[in-house]
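First up is the structure itself, then whatever we jot down about it.
The values are calculated or read from the model by the stated rules, or taken from the named source; none is laboratory data. Since the model is a prediction, treat every value here as computed from it, not as a measurement. All Cβ positions, even for glycine, are placed from backbone atoms using ideal geometry, and neighbour counts span all protein chains on display.
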Amino acid sequence: MRVQHALGHFLLISILIVFGWSVKNGWCLNISVNGAELDKVVATVNDFEIMQDDLAPEVKRELKKYEKYGLKKATPELMKTLNRRALDRIIDNEVLSQAIQKHDLPDFDAQARKEIASMKEGFSSPESFAQYLQSRRMTEQELLISLKNKMRVDAYLEDKDILHFEPAEDEIKSFYEQRKESFAREERVEVRHILIQVPSNAGESEKNSALQKTEEIRNQLENGKDFARLAEEYSDCLRSKNDGGNLGYIKRGFMPEEFDRVAFTIEKNTISEVFASPFGYHLLEVLEWEPAGYLLYEDARQFIIKYIESKQMNKVRSEHIGQLRKQARIQIFLD
């Protein structure tokens with residue numbers, strides 16, 4: 001029965017991706033979790049058996065989260081809770097997988113092959129594409145199956161009208177007004193800089209040499225030399241030198257106090273005087289300045305749409321799975 005249901009498990013993997021749940025190395029891993037009997041049937045969904053070892057990867061993943069917060073050994077009560085949560089997720093995916101397989105959907109083979117052909121064109125050579133597949137630990141045939149299954153999942157959700165949701169404009173505006181503090185924005189500046197690094201144990205001679213070098217670079221800037229080119233040539237800031245010295249937008253406190261003092265006081269599009277920080281000597285230019293305030297509605301709108309859409313779709317999907325669970329014959333044997 002489980003062998004015959006192999007296609008269902010391919011679908012399960014795709015569904016988990018759609019729902020934002022993760023699967024690693026398949027469902028039927030031979031992993032021991034606190035001595036559990038891995039060959040034990042813990043539930044059936046319309047006669048399909050779910051085994052204890054189906055829960056093991058999910059439980060192991062959850063345990064790792066607890067370990068990050070200092071858990072040394074899981075208690076029997078915690079293990080019971082984690083196993084039940086894992087089983088609930090697997091049942092949800094199983095009932096959905098079975099519903100999709102019963103649904104009248106087109107064959108997506110040609111579309112999936114076309115998608116792979118398009119993917120190949122984005123690689124410089126067949127070898128590069130093969131390396132990509134190797135990094136994903138999958139063959140081209142497995143990629144084809146994965147794409148076909150995702151297309152089937154999307155088509156099913158689309159047919160059930162639970163793949164997309166468009167909030168009304170009034171709802172978007174109301175969300176913005178009611179949560180305006182969430183869109184508060186601190187003062188920030190977009191800056192680029194040139195750093196001539198000075199070691200913390202440098203002597204006076206080395207410090208003077210670095211200062212003189214920075215002054216000479218400033219003179220070149222005053223004489224019309226390009227800031228970006230000089231940054232790429234001279235700056236010791238590995239993070240920004242290959243981007244013309246650009247640090248992007250920064251808020252107060254992101255850089256040392258000496259840096260902030262200059263960045264938030266000089267006029268836009270002017271080159272600063274040479275100044276020192278614990279890292280060495282700097283030259284900087286402010287490219288843009290944004291005062292403290294609130295993100296404009298127009299700028300926040302797309303984020304709000306995605307948030308409302310995601311929340312609503314998750315709600316509808318959960319309700320749909322709830323209905324599928326009611327229609328299915330589910331038996332649970334988990335202790």
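Between E285, E273, the distinction of being at pLDDT 95 or above, assigned to a loop (DSSP other than H, G, I, E, B) and more than 24 Å from E181 (Cα to Cα) belongs to E273 only.
Residues to consider are K72, K60, K102, K24; find the one that is surrounded by fewer than 18 Cβ atoms within 10 Å (Cβ to Cβ), under 30 Å from the mean Cα position of the chain (by Cα) and either within 22 Å of R317 (Cα to Cα) or at pLDDT 85 or above (or both). On inspection, the qualifying residue turns out to be K60. Taken over the range 93-117, residues that are part of a helix (DSSP H, G or I) and in contact (Cβ under 8 Å) with a residue 24 or more places away in the chain amount to 15. Within the range 183-201, the only residue that satisfies the criterion of being at pLDDT 95 or above and among the acidic types (D, E) is E190. Within this structure, L211 passes the test of being within 24 Å of R261 (Cα to Cα) and in contact (Cβ under 8 Å) with a residue 40 or more places away in the chain. Any residue at all in the range 85-92 that is touching a Lys or Arg at 6+ places or on another chain (Cβ under 7 Å), assigned to a helix (DSSP H, G or I) and small (G, A, S)? There is no residue in the range 85-92 that is touching a Lys or Arg at 6+ places or on another chain (Cβ under 7 Å), assigned to a helix (DSSP H, G or I) and small (G, A, S). Of the numbered criteria (1) loosely packed, with under 15 Cβ neighbours inside 10 Å; (2) closer than 14 Å to R185 by Cβ, the one W289 fails is (1). Residues that are touching a residue at least 24 places away in the same chain (Cβ under 8 Å), part of a helix (DSSP H, G or I), closer than 30 Å to E158 by Cβ and among the polar types (S, T, N, Q) do not occur anywhere in the range 118-131.
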